[in-house]
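Everything on this sheet refers to the single structure shown next.
The values are calculated or read from the model by the stated rules, or taken from the named source; none is laboratory data. This structure is a prediction, so every number in the text was calculated from the model and none was measured. As a convention, Cβ positions derive from the backbone with ideal geometry for all residues, glycine included, and neighbour counts pool all protein chains shown. Keep in mind that these areas ignore ligands, DNA and RNA; they rest on the heavy atoms of the full protein, side chains included. Shrake-Rupley method; radii C 1.70, N 1.55, O 1.52, S 1.80 Å.
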Amino acid sequence: MAKRKLILDVDTGTDDAVAVMLAALHPALDLVGCTTVNGNVEVQYCTDNTLRVLDHVGRSDIPVYEGLARPLVRPDFPIPRAVNDLAGQIHGRTLSVPPSGRRKADVGAVEFLIETYRNTTDEITLVPVAPLTNIATALTLYPKLIERVPEIVIMGGGHEVGNITPSAEFNIWGDPEAASIVFAAKFRKITMVPLDATHRALVSYDDCENLRALGTPAGTAAAEFIGHRIQAHDAIQRMAVAGTTPVHDAVCVGYLVDPAIITTRRHRVAVETSGTLTVGRTVIDTHFRGGGEPQCDVAFDADAGRFIALLLETFGKSPRHLAECHYE
Ligand code: RIB
Ligand code: CA
């Protein structure tokens, strides 16, 4: 069976790192490249962290393209101090894996996205798990992107849940204007994975011990990154179950391999770009009040057991073993 090609747009970040490893190691996926953008940390650290993670799991063949350092409009990045504390505690600036021995690609992220989709005949799924600055810019410069992307899978937004404000989730809040552009674009298929879903795929310390017991670079790194997240969440944003954390971005990659990991409903989604209390909110028309045509498959649930089993299965295989796997 042909591997599913994807591009990950990341602000690496501890959960981005797990997503990158899952995409780089799963035998059913072909990670064409990673693009980085300002978000959890400044973009140059996102780039460095992404290179570190790919090299750590033996995939230094996968290129990393650095993207935009600032949102389209909002003036307050680097992110305000309080948010820095949140990002600082959940992500840190530099991930605890060795430095990479290679450089980022010479081409920038937006140019890579445009040229790849302009010239390919392949179906390449686009998976942004960060503020949507790169994606909105690529869309503006190359509107045909909406026809060339078979599916865009966005980690972002929230209906009952916000994490950076009571109204908003970080990726959307980080560049609301970019998110508004992306959700209004008529992509062939938009799958949205908001906090309502990722907060139902919580990973525990016991799961971290099982990942560490795999004895592989990916298993050990995932245990490290996720354990760090649990500590931070217990300290500043406790989950419904203490001693657990969401691993938001990896749920999007897991969905590509096992669609049953999330449960979706089709709704109209728009993004608030003003309003002191509501900027960055994804307005999900769950009761069809707004009249607009539903354009998103929105995940409102996730299967933690399936998700964690996928992490253990994928991270438990050595790169050689993975190369021999034929995923059905
Ligand atoms: O709100 C969670 C999202 O914001 C994740 O993508 C995390 O990495 C941060 O970017
Ligand atoms: Ca992210």
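Points to keep in mind about this one:
- Loop sites in the range 30-134: trypsin sites (Lys or Arg not before Pro), DSSP, at most 16 other Cβ within 10 Å: 93, 102, 103
- Only the Cβ atoms of Lys and Arg (+1) and of Asp and Glu (-1) were treated as charged; on that basis the dipole of the range 38-117 about its Cα centre amounts to roughly 200 debye.
- Cβ-placed point charges (K, R +1; D, E -1), dipole of the chain about Cα centre in debye, nearest 20: 320 debye
- Dipole magnitude for the range 1-145: about 40 debye, using +1 per Lys or Arg Cβ and -1 per Asp or Glu Cβ, origin at the Cα centre.
- Here the Gaussian network model covers the chain, with springs between Cα atoms less than 10 Å apart; of 110, 161, 241, 241 fluctuates the most.
- The separation of the range 161-227 from the range 246-287, counted between C-alpha centres, amounts to 10 Å.
- Alpha-carbon centroid distance for the pair the range 102-119 / the range 8-46, whole angstrom: 15 Å
- Neighbours of residue 146 by Cβ distance under 12 Å: Lys/Arg scored +1, Asp/Glu scored -1, total +3.
- The trypsin sites (Lys or Arg not before Pro) of the range 127-202 meeting both criteria, a DSSP state outside H, G, I, E and B (loop) and at most 13 other C-beta atoms within 10 angstrom of the site's C-beta, are 144, 186, 188, 189.
- In this calculation the C-beta distance from residue 73 to residue 287 is compared with R0 = 35 Å, giving a FRET efficiency of 0.70.
- Most fluctuating residue given options 286, 50, 245, as computed from a GNM of the chain linking Cα atoms under 10 Å: 286
- As a rough guide to protection, the peptides 11-17, 269-275, 250-256 ranked by mean Cβ packing within 10 Å, highest first, stand as 11-17, 250-256, 269-275.
- Short-range pairs are left out: with C-alpha atoms under 8 Å and at least six residues apart, the relative contact order of the chain is 20 percent.
- Carbon and sulfur %, accessible surface of the range 191-244 computed with the full protein complex present, 1.4 Å: 50 percent
- Trypsin sites (Lys or Arg not before Pro) restricted to DSSP loop in the range 252-298 with at most 12 other C-beta within 10 Å: 289
- Cβ-based charge dipole, the range 205-328, positive-most Cα from 277, 298, 235: 277
- Against the empirical 2.2 N^0.38 Å (N residues), the range 40-188 has a Cα radius of gyration ratio of 1.08.
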